[in-house]
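**Q** Sharing a structure here in structure tokens format.
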């Protein structure tokens with residue numbers, strides 16, 4: 001006898017697509033709100049990604065991106081033997097990590113100081129004042145910096161009045177990077193501190209009340225309650241900063257640097273600008289630089305994420 005076949009009743013299962021369509025119809029207004037942002041990223045971030053192939057091609061105007069001949073890793077080989085490129089990489093890393101080292105704690109400290117004020121009206125006024133520089137473009141901010149730090153600027157005039165020698169802030173290799181750090185903190189610290197103020201506002205007030213009953217001072221409450229509760233926010237922002245290391249701030253550096261400080265101020269983005277727009281364009285090399293930056297940023301982000309998890313914090317991935 002052959003194998004016995006048992007008849008199994010067929011159950012009618014609704015397709016998953018029907019459930020998905022119902023959910024979309026149910027939340028259609030939310031999807032309408034989501035659509036413009038989603039369309040922006042698709043059109044301007046994902047559709048142009050086919051241009052990455054230029055990093056492995058020799059671009060020809062008459063053939064376009066698709067028709068240009070493949071060149072393998074020739075564009076990368078050209079970059080990796082360029083001395084100016086490695087100088088730009090070194091400067092990018094130094095400036096970016098310097099901004100993290102000196103600039104990352106600034107909004108945390110500012111948020112803690114503002115939070116300790118008793119006067120609510122003064123708090124709001126200070127938040128407005130400190131946030132305002134973020135809305136100024138680097139062209140305007142660099143104009144302020146140049147006027148203040150030039151040979152005839154207010155800072156050098158004050159130094160001269162005090163009996164000291166004037167300093168060439170914009171032409172001195174030893175002073176240019178600190179100038180970048182200070183101007184970046186002045187512009188962005190107030191905006192970044194809003195995130196920390198929001199994190200502080202979400203802390204349970206009963207924790208502070210209990211600490212006050214136990215006789216804790218302000219410093220003790222900051223160290224024992226405030227800082228531990230805003231740590232997840234700080235770690236997340238630090239990870240995002242590390243993942244953006246290869247972008248050292250083109251707008252800032254481009255508007256402040258000059259040939260006198262190329263050795264310490266020339267970053268990858270300014271190097272890319274020069275080889276693309278101030279020389280016969282090599283678009284394959286330019287795209288190769290952008291792809292190199294993206295890969296290094298991603299690698300640093302993954303490493304920082306793993307380190308954060310090893311230290312007991314939540315990562316991004």
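Since every read-out is calculated from the coordinates, none of them should be taken as a lab result. None of the values given here were measured: they were computed from a predicted structure. Methodologically, a virtual Cβ is constructed for each residue, glycine included, from the backbone with ideal geometry; neighbour enumeration extends over all protein chains shown.
**Q** Report, please, the projected area of segment 276-317 averaged over directions, based on the convex hull of its C-alpha atoms, in nm². Intermediate values should be presented prior to the final figure.
**A** Details: hull surface 14.7 nm².
Average projection, Cα convex hull of segment 276-317: 3.7 nm².
**Q** Sticking with this one: Treat the count of other C-beta atoms within 10 Å as a stand-in for reagent exposure and order 295, 193 from fewest to most. Walk me through the intermediate numbers first.
**A** Details: 295 11, 193 25.
Final ranking by Cβ density, sparse to dense: 295, 193.
**Q** How large is the Kirkwood hydrodynamic radius of segment 20-67, in angstrom, based on all distinct alpha carbon pairs? Please list the in-between numbers first.
**A** On the way: mean 1/r = 0.0739 Å⁻¹.
Over segment 20-67, the inverse of the mean reciprocal pair distance is 13.5 Å.
**Q** Moving on to the next point. What's the extension gain from residue 233 to residue 247 if we count 0.36 nm per residue and subtract their Cα-Cα distance? Let's see the in-between values first.
**A** Details: separation 14, 0.36 × 14 = 5.04 nm, distance 2.17 nm.
Once the chain is fully extended between residue 233 and residue 247, it gains 2.9 nm.
**Q** Under Stokes-Einstein, with the Kirkwood radius over Cα pairs standing in for Rh, what whole-number D in µm²/s applies to the chain at 37 °C and 0.692 mPa s?
**A** Values: Rh = 24.5 Å.
Reported coefficient: 134 µm²/s.
**Q** Right, another one. For segment 131-237, count the residues as N, evaluate 2.2 N^0.38 Å, and divide the Cα radius of gyration by that value, please. Don't skip to the answer; put the middle values down first.
**A** Numbers: Rg = 20.4 Å, N = 107, 2.2 N^0.38 = 13.0 Å.
Ratio of Cα Rg to 2.2 N^0.38 Å: 1.57.
**Q** Still on this model: Specify the residue with the greatest mean-square fluctuation among 34, 291, 227, computed from a Gaussian network of the chain linking alpha-carbon atoms under 10 Å apart.
**A** Greatest mean-square fluctuation among the candidates belongs to 34.
**Q** Provide 208, 46 in ascending order of the number of other Cβ atoms located within 10 Å of each residue's Cβ, fewest first.
**A** 46, 208
**Q** If you don't mind, another one. Taking N as the number of residues in segment 92-187, what is its Cα Rg relative to 2.2 N^0.38 Å?
**A** On the way: Rg = 16.0 Å, N = 96, 2.2 N^0.38 = 12.5 Å.
With N residues counted in segment 92-187, Rg over 2.2 N^0.38 Å equals 1.28.
**Q** Could I ask something else about it? How large are Rg and Dmax for segment 94-149 when only the alpha carbon atoms are used, in Å?
**A** Here Rg and the maximum Cα pair distance are 14.3, 40 Å.
**Q** Mind checking the log10 I(q)/I(0) for segment 189-267 at q = 0.20 Å⁻¹? Debye, one equal scatterer per Cα, no solvent, two decimals.
**A** Those come out to -0.92, one per q.
**Q** Just grab the label-to-label distance for residue 46 and residue 173, each label 7 Å out from Cα along the Cβ direction, in nm (one decimal).
**A** Between residue 46 and residue 173, the simple spin-label model gives 4.7 nm.
**Q** Please compute the modelled spin-label separation between residue 117 and residue 182, points set 7 Å along Cα→Cβ, answer in nm with one decimal.
**A** Here the modelled spin labels are 2.4 nm apart.
**Q** Shifting gears a bit: Could you line up 138, 191, 70 from fewest to most neighbouring Cβ atoms inside 10 Å?
**A** Values: 138 19, 191 16, 70 9.
Going from sparsest to densest Cβ surroundings: 70, 191, 138.
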